[in-house]
1. So how strong a dipole does the range 1-72 carry about its Cα centre when Lys and Arg Cβ are +1 and Asp and Glu Cβ are -1, to the nearest 20 debye?
2. Which listed residue (Pro29, Thr95, Ile64) has the Cα farthest towards the positive end of the charge dipole for the chain, taking +1 on Lys and Arg C-beta and -1 on Asp and Glu C-beta about the Cα centre?
3. For the chain, the longest stretch holding no trypsin sites (Lys or Arg not before Pro) located in a DSSP loop with at most 12 other Cβ atoms within 10 Å is which?
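Every number in this text was worked out from the coordinates using simple rules, so none of it is lab data. Given the structure is predicted, the values throughout are model-derived calculations rather than measurements. In this analysis, Cβ positions are derived from the backbone assuming ideal geometry, glycine residues included, and neighbour counts consider all displayed protein chains.
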Amino acid sequence: MGTMEINAKIRLEFGKEKMGKLRRAGMLPAVVYGPKLGDPIHITLLRTEAQKLLNAVLPEDAVIVNLDKKKLQAYIKDVQVDVVTGELLHLDFYTPNG
């Protein structure tokens, strides 16, 4: 199997209320960071696609984050899950090459 890819969009909204609204719409907040990126890039993913990605890759597997016209090779560094519901809340992607 080739490298898994996930489509993402830049996220400009922040805060608990906005993230709750985003999650209710089936989206998942995430962030991409790395030494060559400068500031972290806040993104949104489709929750169903993020779950498929998590089910298919191992922690050491690189994934491709498709962000507009950029393709970033990244690793999943952190997965936040609601301890009560098991719902996926947030993903962190680390890109060493940016």
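1. Numbers: 13 positive and 8 negative charges, 69 e Å.
Magnitude of the dipole: close to 340 debye.
2. Positive-end residue among those listed: Pro29.
3. On the way: sites that count: Lys36, Lys69.
With trypsin sites (Lys or Arg not before Pro) excluded where exposed in loops, the chain gives 1-35 as its longest stretch.
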